[in-house]
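**Q** The following block contains the structure, expressed as structure tokens.
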Amino acid sequence: MYTRLLVLLRDSAFDQPALQRALTLSSAQTEIVLLDAVYEPALEGYMGNTEIYAPLRNRLVHDRSESARALVKSVESCGIRCRADVRWARLSPTLLQHVLVAEHPDVVLMTLSSELGWSHGDWQLVLTCSSPVLVVQSDGRAKYRHVVAAVDPFHVHAKPAELDVAILAQAKQLQSQCGAALAAVHCRPTLDLLGATRTLGANEIEERRRAVVRLLAAAELPADAAVLAEGEPHRVFEDLAKSGRADIVVMGVLARGRIAELMIGYTAERVLHRGATDVLLVKPHVARTIGPT
């Protein structure tokens with residue numbers, strides 16, 4: 001079971017999706033921590049004088065603290081332990097890392113900072129967060145019924161083997177927490193040879209199926225959870241979401257090279273941009289089991 005969930009507040013509304021999702025994932029053993037980073041650049045100071053706006057900053061933090069206390073009471077009325085961390089700071093990767101070191105959350109839950117879509121700051125939080133990040137793109141109210149784990153035992157683009165282990169560990173936890181069905185989906189490509197497409201042969205398909213089954217066995221999951229799909233992964237997951245067979249996709253985050261700070265991986269970016277389903281993003285080193293199930 002999840003023991004601690006960290007929610008990045010976007011406002012003071014109780015019905016904000018990240019908080020609602022945290023409630024659906026909580027049990028009597030769970031504590032929800034609300035992080036509210038209060039920041040307004042115009043109140044930093046004037047002409048080098050940082051104290052001139054100190055009363056306004058303090059007032060703003062006080063008001064947001066009152067709102068956070070109201071949220072805490074609302075969460076506790078649902079039988080879930082909750083507390084708030086309200087501070088004057090920009091919600092940055094540095095701040096988030098400090099909070100992660102202090103809190104050790106099982107999962108960080110967030111929604112987009114703008115209705116216009118992903119901002120650079122959103123991408124940076126996802127890229128640098130050392131804990132799994134659950135990007136809530138639904139209203140967060142309904143429990144997950146179908147958990148999809150995106151696996152690739154053939155390690156395309158030098159994808160590390162331990163990433164699949166981490167993905168399945170997180171998917172298994174979600175399945176247990178929500179009583180959901182779990183599917184481990186491996187997208188087999190349609191090969192393009194000199195302008196002509198070639199689908200995989202029966203032997204190649206069976207080889208890929210066996211590889212997924214081996215992954216499932218290592219994760220103590222049944223072989224019938226293995227699903228092979230043909231096509232580009234982001235389109236496959238979008239179709240699964242539209243057909244009601246994916247409420248959440250658990251997938252890996254890979255960012256490499258000189259532009260790593262700008263990209264989190266081709267498939268993950270497209271799944272997130274399309275916003276068809278919630279997405280739990282996992283990094284290679286996150287493979288531990290989350291408490292007893």
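**Q** Using the Karplus curve 6.51 cos²θ - 1.76 cosθ + 1.60 with θ = phi - 60°, work out ³J(HN,Hα) for each residue of the range 58-64 in order, rounded to whole Hz, and write x for Gly and Pro.
**A** Taking θ as phi minus 60°, the curve returns 4, 5, 5, 5, 4, 5, 5 Hz for the range 58-64.
**Q** Non-local amide H neighbours of GLU31 (under 5 Å, H modeled in plane, Pro and chain starts lacking H): which ones?
**A** Placed amide hydrogens put ARG4, LEU5 under 5 Å from GLU31.
**Q** Ok, one more. Could you list the GluC sites (Glu not before Pro) in the range 201-251 that lie in coil according to DSSP, counting only those with at most 16 other Cβ atoms within 10 Å of their Cβ?
**A** In loop regions of the range 201-251 (DSSP not H, G, I, E or B), the sparsely surrounded GluC sites (Glu not before Pro) are GLU220.
**Q** Next question, about the same structure. Please report the orientation-averaged projected area of the chain, defined via the convex hull of its C-alpha atoms, in nm².
**A** 17.6 nm²
**Q** Another question, if that's okay. Suppose we keep just the DSSP beta bridges with both residues in the chain; what percent of those would be antiparallel, to 5?
**A** The antiparallel proportion sits near 15 percent.
**Q** Another one. Using amide H atoms built 1.01 Å from N in the peptide plane, name the residues 5+ places from LEU109, or on other chains, whose amide H lies under 5 Å from its own.
**A** Here LEU6, VAL7, LEU8, LEU134 satisfy the definition.
**Q** Among MET110, THR94, THR50, pick out the residue whose Cα is farthest towards the positive end of the charge dipole of the range 43-118, where Lys and Arg carry +1 and Asp and Glu carry -1 on C-beta, about the Cα centre.
**A** My answer, from the dipole projection, is THR50.
**Q** Once every DSSP H run of n ≥ 4 in the chain is given -39500 (n - 2.57) and the sum is divided by its residues, what mean residue ellipticity at 222 nm do you get, rounded to the nearest 500 deg cm²/dmol?
**A** About -11500 deg cm²/dmol.
**Q** What's the angle, to the nearest 10 degrees (0 to 90), between helix 202-218's Cα axis and the longest principal axis of the chain?
**A** Its long axis makes an angle of about 50 degrees.
**Q** For ALA229, which sequence-distant residues (separation of 5 or more, or a different chain) have an amide H within less than 5 Å of its own amide H, given hydrogens modelled in the peptide plane?
**A** HIS186, CYS187, ARG188
**Q** Still on this structure, please answer the following. Between ILE32, ILE167, ILE52, find the one with the highest GNM mean-square fluctuation for the chain; connect C-alpha pairs within less than 10 Å.
**A** Of ILE32, ILE167, ILE52, the Gaussian network model singles out ILE52 as fluctuating most.
**Q** Mind giving me the nanometre distance, one decimal, between the label points for ASP63 and ARG274, set 7 Å out from Cα along Cα→Cβ?
**A** Once both label points are built, they end up 4.1 nm from each other.
FYI, it's all coordinate maths here, none of it is from the lab. What you are looking at is a predicted structure, and each value in this text was computed from that prediction instead of being measured. Ideal geometry is used to build each Cβ from the backbone, glycine not excepted, and the neighbour counts take in all protein chains shown.
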